[in-house]
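Okay, so here's the structure we're looking at.
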Amino acid sequence: MEIFAYSFMIRALLAGLMVAIIAPLIGNFLVMKRFAMVADTLSHVALAGVAVGLLTATQPIFATILLTVLSAILIEKIASKQKMPAETALALFMPGGLAVALLLISLANGFNSNLFSYLFGSITTVSSQEIYLIIGLGLVSLLLIGKFYQQLLFTCFDEEGARLKGIKTERVNLLLMVLTAVTVSLTMRVVGALLVSALMVIPVVAAMRVGRSFKQSFVYSILFAVLAVFFGLLGAFYFNLPAGGAIVLVALLIFAVASVVGRK
Amino acid sequence: MKIIEIKHLNFAYQREKVLTDISLTVRSGDFLGLIGQNGSGKSTLLKLLLGLLKPKSGEVLLFGQRVESFKDWSQIGYVAQKSNFSSNGFPVTVYEVLRMTGVATEEIERVLALSSLQSKKDRLLTELSGGQQQRVFIARALLNRPKLLILDEPTVGVDGNSQIKFYELLRKLNQEEQLTIILVSHEIDIIAREVSKVACINQSLVYHGHPKELLEDNLIEKLYGQHHRLIAHTH
């Protein structure tokens, strides 16, 4: 295929496929916990990280990971101490992240094309350095999910029950939030900050329509995300479309098909 | 053997007193019904028993240890009033609900057999009736052979036939497996029929003893007000 003749497309596919595996994995836990909105919130915080990167002329992904992880820890602390409902905490961080981003961007002399690539994704411009980072952090995330799979599942399914069975649910929640923050930062490079939660949630809800067990649903969600990334990139390459939008639209198409098939 | 010992327990939310000077002992093999009207402090007492709240004064001992330092939670099985999963709709099978606790397959098979759920193990939780779902959560609570089972209003929203099977299972667990059970309920007639001891809470401990005597005294009025009386269920 012509698409594989270009090194930038191979890099895009590698980054996209890694993200397509991690994003729905984390998304499954978030949807089960009814906390999917945290991905959207952290993607707004991630924009502030991008702004820091642009302002300091450094690789934005480092500042993005740092800021989203810090925010994720804070959100979890606020929610677990029940100082305010989790939704209210998210409602503080979402505009807060955006406000910081806007201020920093204005200091960095306003909007430029680089910023738009983070807003809407620019997978085809992923550098080799970013590929290593995405694959490295992706593998670490996969290892952590594998190691703590049962605890994550039990805590998201029934936190009170898990705590009474001796699971340290605060630590498990914290791990999930940190993994979410890292995943948001990595996914942002593929589909853009505004569409991050799409890749974490749409394949999961599509899989829920056809899965006959959690395990099946888990596998389907990864398969759907991989299909969305692959065909989205293919569409973007051959029809000259923005990759992020194409990926999300393919994911939505899969959701529509799964909804029809799942009803039978 | 004392499973639970509550000594002069007091609890308040800010200035609002919820529980006053509760002292109560639960012994091995007891089937205790904990009853009281809404707002009487039943749920608060449960949370204090499970270490989820800190008392203002007094203490709770679980298996002889203060609840604050109690670590061996595998000794206690807990079934909440309503699982937080019930309205989510995530596809999860009965087997997966039990497997996520990290126990071995043989132990899962044991509790499935005990709860008569073998034929349902590959079914989705959402496809089961309310009574069957509660049996799944009892099965989960029974993993690793706990010595104490605590159930918080377990039959709310469960149909009559399922309730019969549900209480049959609890009787079997109490009599054949010598499991100590605490059953929280507002269904006073069922409690009176099923349990071996009753504790009535109305901020303080109004009555603790045999359910028969509860029916003879005017305690129902004390607990629920003058307009309440006992009507026997026919099932």
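The values are calculated or read from the model by the stated rules, or taken from the named source; none is laboratory data. It should be emphasised that the depicted structure is a prediction, and the values quoted were computed from it without experimental measurement. Virtual Cβ from ideal backbone geometry, glycine too; neighbours counted across all protein chains shown.
Yes or no: B:Pro91 more than 23 Å from B:Phe137 (Cα to Cα) and either free of Cβ contacts under 8 Å to residues at least 60 places away in the same chain or small (Gly, Ala, Ser) (or both)?
no
A:Ala198 is checked against (1) out of contact with any Leu (no Cβ under 7 Å at 6 or more places or on another chain); (2) buried (at least 20 other Cβ atoms within 10 Å of the Cβ); (3) of a type outside the set (Ser, Thr, Tyr); (4) farther than 24 Å from A:Leu115 by Cβ and fails just one. What number does that condition carry?
Condition (4) is where A:Ala198 drops out.
Might you let me know whether the stretch B:52-64 holds any residue that is of a type in the set (Gly, Ala, Ser), at pLDDT 90 or above and surrounded by 16 or more Cβ atoms within 10 Å (Cβ to Cβ)?
Yes, there is a match, as at least one residue in the stretch B:52-64 is of a type in the set (Gly, Ala, Ser), at pLDDT 90 or above and surrounded by 16 or more Cβ atoms within 10 Å (Cβ to Cβ).
So which of A:Leu30, A:Leu25, A:Leu42 is closer than 30 Å to B:Gly89 by Cβ, assigned to a helix (DSSP H, G or I) and in contact with a Ser or Thr (Cβ under 6 Å, 6 or more places away or on another chain)?
A:Leu42
Please tell me if B:Asn144 is under 25 Å from B:Lys47 (Cβ atoms), surrounded by 19 or more Cβ atoms within 10 Å (Cβ to Cβ) and not hydroxyl-bearing (Ser, Thr, Tyr).
Answer is no for this residue.
Give all pairs with beta carbons closer than 8 Å in which a residue from the stretch B:112-126 that is within 14 Å of chain A (Cβ to nearest Cβ) meets a residue that is at pLDDT below 90 and part of a helix (DSSP H, G or I); count only pairs at least 6 apart in sequence or on separate chains.
Note: pairs meeting the criteria are B:Lys120/B:Gln132; B:Leu125/B:Gln133.
Which count do you get for residues in the stretch A:135-169 that are facing another protein chain (nearest Cβ under 8 Å) and surrounded by fewer than 17 Cβ atoms within 10 Å (Cβ to Cβ)?
3
Go over the candidates B:Asp189, B:Asp122 one by one and state the one that is acidic (Asp, Glu), part of a helix (DSSP H, G or I) and surrounded by fewer than 18 Cβ atoms within 10 Å (Cβ to Cβ).
Result of the check over B:Asp189, B:Asp122: B:Asp189.
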